[in-house]
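Here is the structure we will look at.
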Amino acid sequence: MRRREFVISAGAAMTAVGALSSSLGAALAQESPGTAAPEAAPVEAAPPKPFGFEDVAAMARDLASKAYEYRDAELVGSFANLTYDRYRGIRFRRDRDPWAGSRDFALDLLPPGVIFHEPVDISLVDDGVVIPVRFDPHMFDFDPAQFPDGVDYETLGNMGWSGFRLRAPLNRPDVMDEIAVFQGASYFRAVARGTLYGLSARGLAIGTGSAEGEEFPMFRGFWIHKPGEQDRSVLIHALLDSESVSGAFEFRITPGAETVFDTRVALFPRTDMGNAGIAPLTSMYWFGPTDRSRVDDYRPAVHDSDGLQMLTGDEQRLWRVLSGHSALQISAFMDNNPLGFGLAQRARDFESYKDAEARYEKRPSAWIAPQGEWGRGTVTLVEIPVENEFNDNIVSFWQPADRLVAGNRYDYSYILTFAAEVPDSAPISRVVETMSGKAVNNANARTYVVDFDLGLFGAENPVPQIRASAGRIGHSYLLRLPDQRRMRLAFEYLPEGAKLADLSAVLNGPEGPLSETWIARWTRE
């Protein structure tokens, strides 16, 4: 609103300048009889500056200079006390799409209800001009099966939106598929061609896995720019706020075989922060081939992601396989100017899961590619114990080594990609699958089987290098499986009294690593 008042004031000022020029011209004509007064050149108001990232950054800086104010909305009438099924019965009307008629993009505004009770301001930006969109329950259809008594629109008031959904012709040219949704705190999800919703990204993580408890920032406002006829991307700006920090975000989203978020962030801490997680990803892992025996389920595996993939600043490639644990586990991988990290789903065939409804083999991977130098810090992985598949329990993010100091500005840029495969085509063998179970001949040992992609190995077998941070490595062997196109590394691990150990393995050639480095965490149950 301040910006709009500024534009109006500027226009009024320019009108006053024009009136002053006209008066001056008339006065000159009176002072010089018989001499035609020169016509005053028309003075035009300069067009308003298009709304952009620095406008949101100014808002975030202003918010951070003040005490944090939590915003909540009282959900009343048809939006109060909703069950999950009733909430799903509220659908955005396609004829109210503000981009109706576009062949390339569509926009759904999302209602409040259930856990979504914090109001989100949404504005549209058309040719640089901001147009706020007031909450209107008439923009929704209410399923009569869920709302048999109808809806009393007069009692609903302005409860605010809960988020929005973007659509585009992703898989078929004649169908507007969902490509991304922003809803709840600072969470957002996206899909690429041929994939289904799975893991989520977040604007910022604060205190994840800490004893003090986690703080959940939220996007309190969005500015969604209307794409032009030739645009293949959607530009979105967002304002984030929480007790510890405010921030400005820019997302340029391009859907396709890889759905890409070109992302820019400016953070303004209210307090000194040593627990900020930059570019966080959140996923679900319940069980898989490494810990199948602890769950009584007909499916071989249940997860949205099966590993944390990393590309370090010195171009070392790491694969940290995910596992289920009975206690919270936090792993931190020190690095300087990381080149990439993300949560990946590598098992891509139906037989790996045998779930005809969830279709876990179609869940996307997500990859963070930092732009510029991020300095020293850690890629952090948090694994939270779960007893089912209905709660996200895996979080990864970049944690800077230095604290974020109150009163300063911190800028980060990165490219976030949702795709079936992580966009890293380096010629190096990758882990295909990890399996684990009790050793056959030693009750005190555990057997690990790690299958690597066979395609990049020559006639000579590589040399495995296996390590354990505690306990010791026992018998090991390497076996080619040409029909399965796998190189299998198997070894025994003996804890010898250890309660926790990080295991690693890499296949080396004469000139260095031929595979990524496999990493797993063993814990005594």
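The values are calculated or read from the model by the stated rules, or taken from the named source; none is laboratory data. None of the values given here were measured: they were computed from a predicted structure. Counting neighbours? That spans all protein chains shown, and the Cβs are built from the backbone with ideal geometry, glycine included.
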State whether one or more residues within the range 445-464 are exposed (fewer than 14 other Cβ atoms within 10 Å of the Cβ), more than 25 Å from Glu315 (Cβ to Cβ) and not assigned by TED's automatic domain parsing to the domain that holds Gln316. yes
Conditions first: (1) basic (Lys, Arg); (2) loosely packed, with under 15 Cβ neighbours inside 10 Å; (3) touching a strand residue (DSSP E or B) at 6+ places or on another chain (Cβ under 6 Å). Arg486 passes all but one, so which condition is the exception? (2)
I'd like to check something: does the range 272-289 contain any residue that is closer than 26 Å to Phe116 by Cα, touching a helix residue (DSSP H, G or I) at 6+ places or on another chain (Cβ under 9 Å) and not assigned by TED's automatic domain parsing to the domain that holds Trp518? no
What tally of residues in the range 494-522 results from selecting those that are farther than 10 Å from Ala468 by Cβ and over 33 Å from the mean Cα position of the chain (by Cα)? 7
Restricting the search to the range 88-98, which residues are crowded, with 18+ Cβ neighbours inside 10 Å and closer than 23 Å to Arg232 by Cβ? Asp97
Taking into account only those residues within the range 127-157 that are surrounded by 13 or more Cβ atoms within 10 Å (Cβ to Cβ) and acidic (Asp, Glu), which is farthest from Arg96 (Cα to Cα)? Asp143
Please go through the range 280-336 and give me each residue that is touching a His at 6+ places or on another chain (Cβ under 8 Å) and of a type outside the set (Phe, Trp, Tyr), ordered by number. Ser283, Met284, Gly288, Leu322
In the range 495-506, anything surrounded by fewer than 18 Cβ atoms within 10 Å (Cβ to Cβ) and either polar (S, T, N, Q) or over 16 Å from Ser323 (Cα atoms) (or both) is listed as Glu496, Gly497, Ala498, Ser504
Determine whether the range 499-522 contains at least one residue that is out of contact with any strand residue (DSSP E or B) (no Cβ under 9 Å at 6 or more places or on another chain), more than 17 Å from Val449 (Cα to Cα) and modelled with pLDDT of 95 or more. no
Verdict on Asp95 being of a type outside the set (A, V, I, L, M) and not in a helix (DSSP H, G or I): no
Considering the range 99-118 alone, what residues qualify as being farther than 30 Å from Glu229 by Cα and surrounded by 16 or more Cβ atoms within 10 Å (Cβ to Cβ)? Pro112, Gly113, Val114, Phe116, His117, Glu118
Read through the list (1) surrounded by 14 or more Cβ atoms within 10 Å (Cβ to Cβ); (2) closer than 23 Å to Arg346 by Cβ; (3) charged (D, E, K, R), then give the number of the only condition that Glu492 fails. (2)
